[in-house]
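Trainee: One structure follows; several queries about it will come next.
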Amino acid sequence: MAVAIAAARVWRPNRGLSQQQQFSSLDDKPQFPGASAEFIDKLEFIQPNVISGIPIYRVMDRQGQIINPSEDPHLPKEKVLKLYKSMTLLNTMDRILYESQRQGRISFYMTNYGEEGTHVGSAAALDNTDLVFGQYREAGVLMYRDYPLELFMAQCYGNISDLGKGRQMPVHYGCKERHFVTISSPLATQIPQAVGAAYAAKRANANRVVICYFGEGAASEGDAHAGFNFAATLECPIIFFCRNNGYAISTPTSEQYRGDGIAARGPGYGIMSIRVDGNDVFAVYNATKEARRRAVAENQPFLIEAMTYSPSPILPPDPHSREPTLTWGLLPLCRIGHHSTSDDSSAYRSVDEVNYWDKQDHPISRLRHYLLSQGWWDEEQEKAWRKQSRKKVMEAFEQAERKPKPNPNLLFSDVYQEMPAQLRKQQESLARHLQTYGEHYPLEHFDK
């Protein structure tokens, strides 16, 4: 017993001395594996906005003047003209197809008003073999990659020329030759899929990047968290491109999140991030080009948040007209427009808000100001291009409307290499049904 007491007396001072030696000052470094930090001796919670707002990178002002000459991408005339013509041609197509839906000629449509600069600016900075995962408002990426107007129209009409054989909703484009993965309606499903594709490209040493587009509403989905975390931990060459246009359908950002937008989330995942002016096609181009270069060279993900506001058509269509009307609007980049033809944004936004953004800034007009200042464009060319672009869209539109729908038997193909008995039974059942009741269906509009 005496030995035990003596041992205890010896042990207590030694234990205290050992603890004092290890944790005597704040100079000691924490060894926790889950974070990189320092010890502090003052109770303090981290504020949500640790800085006064992430800055917005831009190259041009609203009059199309270069602000900092060192940031000028010095694009050649031909490339800038392609940017401008892609943006304005998309704007023309949007207006015709939007009004076509209002006249009941197609079932659904989603415009890209005001977001044209984010599409073509990023597309121009990519290699043509870079893989694109879109959401449903990235038609300009395909437009810049020379996707034919006829195929845009064929997809929206679901006719026999549609690459998807009429199986998708309108605006759900896809093109294997242009490395554009077919769009899927559910929000954010493309984000983890894009990360998987980027990881595969990394393992194959493919020297290519994957770009994944989504809106700030999709960033609230759980798939976004999974995608960001996988991309960072697996060190994938991917660009996350978020179009923050202020509204997730009818939900404004003020009701959707409390942090400083989407770019602020990047550092928490260990992702390099930047916020850009989405109305500035050069800012979008510079940011995407540098992100692409580093993503491939360093095998790491990048997050670009493009601040936008997308507007709605200025004039309502004439329901009695057989030809869609067209108003060439140069509209700003935040979602001023309806979310889709199934939405009426006037129910949750004031006319004053829409008008404010409609008059403040436009990605198309900003680039046009730049072209005019360079002497690369004039009013005569503008008038001629308006006329030409309208003619091109209307020709493709009329051609698509005349073509029949795909054969109903295509409902059952392209799923299995060999059709299983159950599916064959359904196909035979449909054939019998149409043979008996065919007069009740518009079969004359379908390919035989």
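Trainee: At a probe radius of 1.4 Å, what is the per-residue accessible area of residue 67, in Å² to the nearest 10?
Mentor: Accessible surface of residue 67 is approximately 90 Å².
Trainee: Then there is this: Can you tell me how much longer the chain between residue 221 and residue 256 gets when fully stretched, taken as 0.36 nm per residue apart minus their C-alpha distance, in nm with one decimal?
Mentor: Working: separation 35, 0.36 × 35 = 12.60 nm, distance 1.11 nm.
Fully extending the segment from residue 221 to residue 256 adds 11.5 nm.
Trainee: Still on this structure: How much solvent-accessible surface does residue 221 expose, in Å² to the nearest 10, with a 1.4 Å probe and all protein chains in place?
Mentor: 80
Trainee: I would also like to ask the following. Restricting things to alpha carbons, tell me how big region 362-448 is in terms of Rg and Dmax, in Å.
Mentor: 24.5, 68
Trainee: When only the heavy atoms of the protein chains count and the probe is 1.4 Å, how do 56, 106 rank by accessible area, highest first?
Mentor: I get 56, 106, largest accessible area first.
Trainee: Suppose every Lys and Arg Cβ carries +1 and every Asp and Glu Cβ carries -1, with no other charges. What dipole size does region 49-101 come out with about its Cα centre, to the nearest 20 debye? Spell out each step's value before the answer.
Mentor: Numbers: 7 positive and 6 negative charges, 25 e Å.
The calculated dipole for region 49-101 is roughly 120 debye.
Trainee: For the modelled label position 7 Å from the Cα of residue 410 along Cα-to-Cβ, which residues of region 125-149 have backbone nitrogen atoms closer than 18 Å?
Mentor: Inside the label zone: 148-149.
Trainee: Still on this structure, please answer the following. Keeping all protein chains in place and using 1.4 angstrom, which order do 280, 414 fall into by accessible surface area, from largest down?
Mentor: Highest to lowest solvent-accessible surface, that is 414, 280.
Trainee: Let me ask something additional. Got a number for the accessible area of residue 127? Probe 1.4 Å, square angstrom, nearest 10.
Mentor: Accessible surface of residue 127 is approximately 70 Å².
Trainee: Let me ask another. Between residue 434 and residue 395, what is the label-point separation in nm under the 7 Å Cα-to-beta-carbon projection?
Mentor: 3.3
Trainee: Quick one: if you stick a label point 7 Å off each Cα along the C-beta vector at residue 448 and residue 107, how many nm between them?
Mentor: Distance between the two pseudo-spin positions: 2.6 nm.
Trainee: Measure up 176/448; 176/405; 85/176; 289/383 against 29 Å on the Cα-Cα distance and list the ones that go over.
Mentor: Listed pairs above 29 Å: 289/383.
Trainee: Now, a different point. Just reorder 61, 146 by solvent-accessible area, largest first, 1.4 Å probe, all chains present.
Mentor: Solvent-accessible surface, decreasing: 146, 61.
The values are calculated or read from the model by the stated rules, or taken from the named source; none is laboratory data. It should be emphasised that the depicted structure is a prediction, and the values quoted were computed from it without experimental measurement. Don't worry about glycine lacking a Cβ; one is built from the backbone with ideal geometry, like all the others, and counts go over all protein chains shown. Protein only, heavy atoms only, side chains kept; ligands, DNA and RNA dropped before computing areas. Shrake-Rupley method; radii C 1.70, N 1.55, O 1.52, S 1.80 Å.
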